[in-house]
Structure formats: C-alpha cells, structure tokens
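In what follows, a structure is listed as structure tokens, so that the remarks can point back to it.
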Amino acid sequence: MRLTLHKKKIAALLLFMGMAFCTWLLLTSPTLEDPLPAELPNEKKDPYGFELPQGSSLQMRLAAYRNNLRQPIRNAELFPSRPELVVVVQVRGGPGSGSRLQLLAESLQSAGPGATGRLLLVLSMEQPCQEAAEAMKAIDFCRVLPIYFPYSLSFYPDEFPGSDPADCPRDMPKESALLRRCTNAEYPDSHGHYREAAFTHYKHHWWWKLHFIWERVREVSGHSGHILFLEEGNYLLPDWLHILRLMQKQCQEEGCHMLSLGGTSIPEPSPDPQHMEVSGFVATRHRAAIAISRETYYQLMGCLAEFCTYDDYNWDWSIQHISAACLAHPLKVLSARLPRVLTLPAKAEEDGMCGRTGPCSNIDATSQSLRAKVRELSGHIFPKAITITSRQQEVRNPPPMKNGGWGDIRDHTLCQSYARL
C-alpha cells in the first residue's frame with residue numbers, strides 16, 4: 001500500500017515530536033540557559049527531590065514545572081497510608097512567610113498525631129522563598145507536597161502575566177492609551193483603570209490551584225472527601241478537625257456545597273461552640289478556611305467563563321458572583337458561628353509581631369499571643385454535636401459592586417486556560 005504524507009500531516013508529526021522533545025528536556029535538563037548560580041547559603045540537595053527555583057526567570061519556570069510534574073511527597077516513609085484529609089495552603093512567600101507557615105503548622109498539629117498522620121498538606125507557593133522552604137522542611141507530622149504557581153510574578157517579572165513595560169499605566173485615560181498604543185489599551189476595567197499584576201495574580205493563583213489540586217495532584221486522585229483551603233496568615237483552633245468532621249456529616253443532610261470554618265465576620269459575644277448556620281455564599285463571611293468537595297468543584301467549573309471574565313480581581317467576590325448569576329442553584333454554605341480560624345492582622349506590627357504580610361521577626365511573641373486567644377476560647381470548643389440555628393434556602397447574594405482590576409482580555413484567556421492544562 002502506498003502511503004501519502006500530506007504537508008499538514010508532516011507538520012503535525014513534527015509538532016508532536018517537538019513537544020515530546022521539550023517535555024524530555026523539562027524533565028531531564030537542569031537548565032536551558034546559563035549555568036545555575038551557586039547554591040544558596042545552607043542549602044543542600046533535598047532528599048525528597050524538592051527544588052527551590054533560582055537563576056533566570058526561564059530557569060525558575062523550568063524548576064517550578066519540574067517540581068509540579070514530579071510532585072515530591074515529603075515524609076511519605078513516615079506516613080505510608082493514603083491521605084484521608086487534604087489541606088491546601090496558598091503561600092505568598094517573601095519576608096515573614098516562613099514564620100507565618102510555622103505558626104499555621106503549629107495550629108494544624110494541634111489536631112493530634114492520630115489525625116495529622118492521615119493528612120496531606122499541600123503548599124501552593126507563589127514565589128521561591130528560602131524562608132518558607134526551611135519552614136516546610138521542618139514539618140514532620142504529616143505528608144507534605146510543595147507545588148509552585150507557575151504563572152507567578154517571580155517567573156514573569158517583565159512580561160505578562162507579570163508587569164510588561166509595554167502595558168498601559170493604571171490611571172492612564174483610554175484615549176491616551178490608544179494614542180500611545182500600549183499593549184492593553186483596549187481593555188481597561190469597569191472603573192477605567194488598567195491591570196496591575198500585583199493584584200491580578202492572586203485570583204489567578206487561587207483558580208489555578210483549584211484546578212491543579214483536583215485534576216493533577218496524584219495523591220488526590222480518588223479522594224472523595226472535602227479539601228480544606230487555607231491561606232498564609234491563618235491559625236486554626238485545636239478542634240478544627242473535630243468540627244470539620246461533624247460539619248461534613250451535617251453537610252450531607254443539608255445538601256450544602258461548602259463548609260466554612262471562618263464563620264461569621266462578626267461572631268456573637270458568647271457564641272455557642274455547637275451553633276452553625278446555613279446560608280448563601282458571602283465573600284466577607286466565608287472566604288477563610290473553606291472546604292470544597294469534588295462535586296462542588298465540578299459545579300464551579302461549569303461557570304469557568306463567568307468566573308474568568310468577571311471584572312473583579314478578588315477570587316472570593318468572583319465566586320459570590322457565579323453563585324448568584326451562573327450556578328443552577330446558589331452555593332449553600334454550612335459555617336460555624338464560632339470561627340475555628342484566627343487571622344493575623346493585615347500588616348506586621350511595630351514590635352515585630354506577625355501580620356498577614358511583611359517581616360515577622362518576633363514569632364515567639366506572636367505564637368504566645370495566638371495561644372492566649374485559644375486559651376480564652378478553651379471552654380467553647382470540642383462540642384459533642386452541632387446544631388443548625390439559622391437556615392436559609394436558595395439564597396442568591398450578588399456582590400454589591402465590581403471591584404475591577406480584571407478587565408484585561410489576557411487575564412480572561414489565561415484564567416480559562418487552566419482547565420486545559
């Protein structure tokens with residue numbers, strides 16, 4: 001039989017071979033540019049295969065991709081069983097990040113060895129951070145998987161999705177931008193401002209992380225329970241896992257979509273530890289410490305385009321939008337009236353006490369302060385059962401306004417591309 005190869009078939013074959021070769025390079029080659037710089041101080045080759053990206057932006061991207069492909073599980077030899085609980089932490093990196101991670105790990109460990117031995121802790125990091133890496137290596141009470149958000153500003157410092165010098169300045173009028181012909185002149189947000197990479201990257205990271213955890217993390221394959229999503233700067237009460245398990249059972253009876261350990265933004269003066277409420281999703285009340293099932297994840301994916309094109313750089317307000325405007329049934333959230341998560345103040349304090357951002361030089365004093373708050377609540381935790389004291393059905397809570405910052409069509413396209421990665 002004569003075989004005729006058309007030009008299109010040859011091109012497709014060459015493209016396939018090229019992609020295969022690039023994948024091989026990604027997995028095997030340490031660099032594609034200049035030699036890597038000398039090792040960072042006190043850094044040794046990690047026995048688990050974790051790689052701290054360094055060097056040029058391209059080298060750091062490749063290191064991040066290699067890490068995400070290999071998915072090195074730390075402490076797997078100490079905890080060989082498959083995880084029953086998955087906790088994902090979004091780690092910003094930078095000064096103080098290691099201290100904040102150390103504090104969060106301290107609170108996670110309070111659940112006890114019988115519980116944490118069946119825990120998979122996923123650390124989704126925005127940027128290479130030696131301080132955070134050292135804090136991660138010190139975690140020895142559970143399995144730990146470090147992953148990198150591959151589209152962070154650290155990996156794209158001078159180009160989209162970072163800040164491209166050819167992009168329009170935030171406050172430039174659209175008429176001036178069109179005359180200047182800057183890259184995104186056609187796409188200001190609802191308030192007439194152009195994108196700021198420092199703000200857009202957080203929504204990108206959260207949405208990418210949701211995809212990657214449920215679809216690509218091998219340890220999560222087959223996981224049928226909820227996954228708890230936290231952020232750097234959170235500190236959990238000792239009964240966090242106990243109450244989460246009670247809420248999971250109640251959630252099945254209520255037909256809810258999410259669990260929130262954050263509870264109400266302004267708790268009652270003396271909240272009963274067993275009191276819960278069922279309501280529609282509200283960003284300011286439910287964003288901290290939310291647990292999502294695989295079924296809910298798939299429902300959110302059904303609103304992929306709506307989420308990725310909604311002009312708000314906040315992931316939580318975007319979730320509230322699709323709950324009100326896209327989902328067949330609005331998100332129903334079971335939340336604790338007594339929050340099981342403490343949140344650090346917005347900024348680091350003058351005496352070195354830790355905030356959600358910035359340096360954190362006085363970690364011991366911060367830990368003591370958090371423990372003191374836990375002691376104050378010691379009589380209000382570990383209830384034997386939970387009770388629904390407020391119940392709302394089919395509540396659509398549209399956001400009061402769009403916060404903007406998400407008008408650039410490039411952000412829309414990148415956000416939607418995660419589902420195909």
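For the stretch 236-358, report the accessible area per residue in Å² (1.4 Å probe, heavy atoms, rounded to an integer).
36 Å²
Pair-distance distribution P(r) for the stretch 92-213, from all Cα-Cα distances in 5 Å bins starting at 0: 2, 10, 16, 15, 15, 12, 9, 7, 6, 4, 2, 1, 0 percent. When every alpha-carbon pair in the chain is counted, what percent end up more than 38 Å apart? Percent of Cα pairs beyond 38 Å in the chain: 24. Based on Cα contacts under 8 Å between residues 6+ apart, the stretch 302-411 shows a relative contact order of 38 percent. Near the amide H of Gly404, within less than 5 Å, lie the amide hydrogens of Asp312, Tyr313, all on another chain or at least 5 residues away, with H placed in the peptide plane.
Could you list log10 I(q)/I(0) for the stretch 294-355 at q = 0.15, 0.29, 0.30 Å⁻¹, which the Debye formula gives when each Cα is one point scatterer? Ignoring solvent entirely, the Cα scatterers give -0.65, -1.17, -1.21. Volume of the convex hull of the stretch 306-401 (Cα atoms only), normalised per residue: 155 Å³.
Please compute P(r) over all alpha-carbon pairs of the stretch 46-92, binned at 10 Å starting from zero, and give each bin as a whole-number percent. Percent of Cα pairs in each bin: 22, 43, 28, 7.
Can you give the Kirkwood hydrodynamic radius for the stretch 348-396, in Å, rounded to one decimal and based on Cα pairs?
Details: mean 1/r = 0.0707 Å⁻¹.
Result for the stretch 348-396 stands at 14.1 Å.
Loop-located GluC sites (Glu not before Pro) in the stretch 70-165 (DSSP state not H, G, I, E or B) with no more than 10 neighbouring Cβ atoms inside 10 Å: Glu77.
Separation of the stretch 159-231 and the stretch 282-323, taken as the distance between their Cα centroids, equals 15 angstrom. Against the chain, whose longest principal axis is taken from its Cα atoms, helix 240-254 shows a tilt of about 90°.
Taking θ as phi - 60° and the Karplus parameters 6.51, -1.76 and 1.60, the scalar couplings of the stretch 71-76 work out to 6, x, 9, 7, 6, 4 Hz in sequence order, x denoting glycine and proline.
Counting only heavy atoms of the protein chains and using a 1.4 Å probe, Ser56 has close to 40 Å² of accessible surface. Relative to the first principal axis of the alpha-carbon coordinates of the chain, what is the inclination of helix 7-28, with its axis defined by its Cα atoms, in degrees from 0 to 90 and to the nearest 10? The answer is roughly 50 degrees.
Out of the total accessible area of the chain (probe 1.4 Å, heavy atoms of protein only), what percent is carbon and sulfur? Can you show the working numbers first?
Numbers: 10950 of 19770 Å².
Here it works out to 55 percent.
In whole angstrom, the stretch 371-421 maps to an equivalent ellipsoid with semi-axes of 40, 20, 15, each derived as √(5λ) from the alpha carbon gyration tensor and ordered largest first.
Near Glu231, the amide H atoms lying under 5 Å from its own belong to Gln90, Ala289; only residues 5 or more places off or on other chains count, and H is placed 1.01 Å from N.
The trypsin sites (Lys or Arg not before Pro) of the stretch 332-377 include none that DSSP puts in a loop with a beta carbon having at most 12 other beta carbons within 10 Å. Counting every alpha-carbon pair across the stretch 169-305, the share separated by more than 24 Å comes to 47%.
The values are calculated or read from the model by the stated rules, or taken from the named source; none is laboratory data. On a predicted model such as this, the values are computed, not experimentally measured, just so you know. FYI the Cβ positions are ideal-geometry reconstructions off the backbone, even for glycines, and counts take in every protein chain you see. When the accessible area is computed, the model is the full protein with side chains, heavy atoms only, and any ligands, DNA or RNA have been set aside. Shrake-Rupley method; radii C 1.70, N 1.55, O 1.52, S 1.80 Å.
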